[in-house]
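The values are calculated or read from the model by the stated rules, or taken from the named source; none is laboratory data. Computed from a prediction, not measured in an experiment: that's the story for all the values here. Glycine also receives a Cβ, built like all others from the backbone with ideal geometry; neighbour counts cover every protein chain displayed. Accessible surface areas use protein heavy atoms only, side chains included; no ligands, DNA or RNA. Shrake-Rupley method; radii C 1.70, N 1.55, O 1.52, S 1.80 Å.
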Amino acid sequence: MKKVIIYSQTTCPPCYQAKAWLADQKIPFISYEVDKDPEALRRFQTWGMRTTPVFIVGDQVISGFNSHKLKRAWNAYNKENT
């Protein structure tokens, strides 16, 4: 099953908003908390990111919560991989 991956922190309000939005849109996702999971932090840092949330949608890395950008990326990912 296709899923969005979100790298977040436990104290990040935009991360909570993003997860709620993904759930509301019925977009499946996996969340990794970079402040609790050293391996997730290492992967997160390989993209040069410093702030959360960061999303992986297919081969796209999206920094920051932008619902329009996420929806476009999700739709494109589903369209090209059906």
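The residues listed here are Lys79, Lys69; of these, the one that is touching a strand residue (DSSP E or B) at 6+ places or on another chain (Cβ under 7 Å) and open to solvent by 80 Å² or more (accessible area, probe 1.4 Å) is Lys69. The C-beta contact set for region 50-64 (first residue within 12 Å of Ser31 (Cα to Cα), second residue among the aromatic types (Phe, Trp, Tyr), distance under 7 angstrom, 6+ apart or interchain) comprises Thr52/Tyr7; Pro53/Tyr7; Pro53/Phe65; Val54/Tyr7; Val54/Phe44; Val54/Trp47. Note on region 22-42: residues that are touching a residue at least 24 places away in the same chain (Cβ under 8 Å), open to solvent by less than 60 Å² (accessible area, probe 1.4 Å) and not aliphatic (A, V, I, L, M) total 3.
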